[in-house]
Amino acid sequence: MATLCRFSRLSPYYSGVVQQLTRLASVNSLRCMSGLSAQFEESKNRLSKLKNDPGNEAKLKIYALFKQSTIGTVNTKRPGMMDFVGRAKWDAWNALGSMSQEEAQKAYIDYINSLVAEEEEQQETQTTSSTQKYECLDVTVQDGLCVIKLNRPKKKNAITVQMYNEWSSALKEADEDPGVVITAVTGAGDFYCSGNDLSNFMNIPPEGMKQMAIDSGKLLNRFVSSFIDFKKPLIAVVNGPAVGVSVTIMALFDAVYATDKATFHTPFSALGQSPEGCSSYTFPRIMGTSKATELLLFNKKITAHEAEKIGFVSEVFPDSSFQQEVWPRLQALSKLPINSLIFSKALTRDMEKDVLHKVNDIECDRLVERWLSDDCAKAIMAFFSRKK
Ligand code: COA
């Protein structure tokens, strides 16, 4: 139980799943203590020493092996459709079939050991990041250029609750820092960003799904507002595919530079959801209603060149020279007089500010309703069970 409590502190955005794990662990612990090997106990302690969230798939595996080790084969009914956390856990446990408790203990021990070893290896290679104040972002400021790099490459830079908050804070800091002229956002690894981290929907608080949806609506509203209110020039450096909210908010940026490997995809209806980031207002104005419909309603993925043609992307670069061409250009822009840039941006944007905030409110209200729909629950379940 202590193991799982520590684990919960390390990964607050998955606390819904972990809280349930913790409850189960406490129920099971009395029953199982006598039969657990010393090695199994030791592994539980090692699990508590993990510093990073190992991800949802890993936690489901740990849960399933723990249950199989301590109880044996699955002995409960599959939870109902709306309890997608419960269903995912049940499926993971059930997938272990007739594995014996001893085999499960051994697999549990091996798995925890591999997670700990992987993390130790990562820590050794991380030489500079310890001075960073953000966990999900890499933020640097040099000669007037602030670069906010989304830094969860293993998860294609999917945006967790923590990352939404960090991104908003980094923007606020850049806006307030007199040393920053131009701010650029880019992604680490091969993706720009895969949009909202769908695991955020697993973080169900004790108050229930409705509260989770309301809290998520407020979080998204604050996040989008930080782009609407950003005073200095903001540039997207799109290093690879972009999905969901990372695409919609791009229309609130001042310029978008993309590699020819980038794609732009907003699969809202496929996920039972609806547009955000003010895209229901900005997209039709940028590209016309017909193209906006294809993107926002019909889930059409477009290439960087197509996005440039409809005025969504400012310029596309060959992938082979993208980084070498874009950064010197942004460094040069960072030498321009800051007040001239701020006033010019205000002239082109401020008339729309109130409208954008209103659109943001309406979109977030609609999403709170959508997140509670059966369509959305089914789509999230489908995403997390796709690899099985
Ligand atoms: N939310 C949660 N996890 C995500 C994610 C997201 N938006 N995007 C990627 N990931 C995770 C995957 O689950 C996977 O985790 P795992 O290694 O623990 O299994 C890891 O990132 C790598 O993704 P994977 O799917 O294996 O890579 P891929 O190249 O085959 O596909 C995507 C990449 C982005 C196309 C695919 O992951 C995807 O469709 N993600 C969902 C995008 C989405 O719907 N976003 C919300 C839009 S509103």
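Around residue 64, with a cut-off of 9 angstrom between Cβ atoms, what is the net charge of the other residues, counting Lys and Arg +1 and Asp and Glu -1?
Its environment carries a net charge of +2.
Carbon and sulfur atoms: what percent of the 1.4 Å accessible area of the chain do they account for?
Carbon with sulfur: 54 percent of the solvent-accessible area.
Please report, in cubic angstrom per residue, the volume enclosed by the convex hull of the alpha-carbon atoms of segment 35-124.
91 Å³
With runs of 4+ DSSP H residues as the only contributors, calculate the mean residue ellipticity of the chain at 222 nm using -39,500 (n - 2.57) per run, divided by the residue total and rounded to the nearest 500.
On the way: 16 runs with 206 residues, N = 388.
My calculation for the chain gives -17000 deg cm²/dmol from helical runs alone.
So for the chain, what are the equivalent ellipsoid semi-axes in whole Å, largest first, each being the square root of 5 times an eigenvalue of the Cα gyration tensor? Working shown, then result.
On the way: eigenvalues 344, 114, 65 Å².
Semi-axes from the Cα gyration tensor: 41, 24, 18 Å.
At a probe size of 1.4 Å, how large is the accessible area of residue 181, to the nearest 10 Å²?
So the heavy atoms of residue 181 present about 20 Å² to solvent.
Quick one: net charge around residue 153, please, counting Lys, Arg +1 and Asp, Glu -1 for every other residue with C-beta under 13 Å from its C-beta.
Charge balance in the 13 Å sphere: +3.
Per residue, how large is the accessible surface of the chain? Use a 1.4 angstrom probe and give square angstrom.
Accessible area per residue: 47 Å².
Give me the accessible area of residue 362, 1.4 Å probe, in Å² rounded to the nearest 10.
Estimated to the nearest 10 Å², residue 362 gives 110 Å².
When only the heavy atoms of the protein chains count and the probe is 1.4 Å, how do 110, 254 rank by accessible area, highest first?
Output order, biggest surface exposure first: 110, 254.
For a Förster distance of 45 Å, can you work out the FRET efficiency between the beta-carbons of residue 57 and residue 289, rounded to the nearest 0.05? Present the calculation step by step, with values, prior to reporting the outcome.
Details: r = 40 Å, r/R0 = 0.88.
The calculated FRET efficiency here is 0.70.
Pop a pseudo-label 7 angstrom from the Cα along the beta-carbon direction at both residue 314 and residue 76 and give the gap in nm to one decimal.
5.3 nm
The values are calculated or read from the model by the stated rules, or taken from the named source; none is laboratory data. What you see is a predicted model, and the numbers here were worked out from it, not measured in a lab. All Cβ positions, even for glycine, are placed from backbone atoms using ideal geometry, and neighbour counts span all protein chains on display. In case anyone asks, the SASA skips ligands and DNA or RNA and just uses the protein heavy atoms, side chains included. Shrake-Rupley method; radii C 1.70, N 1.55, O 1.52, S 1.80 Å.
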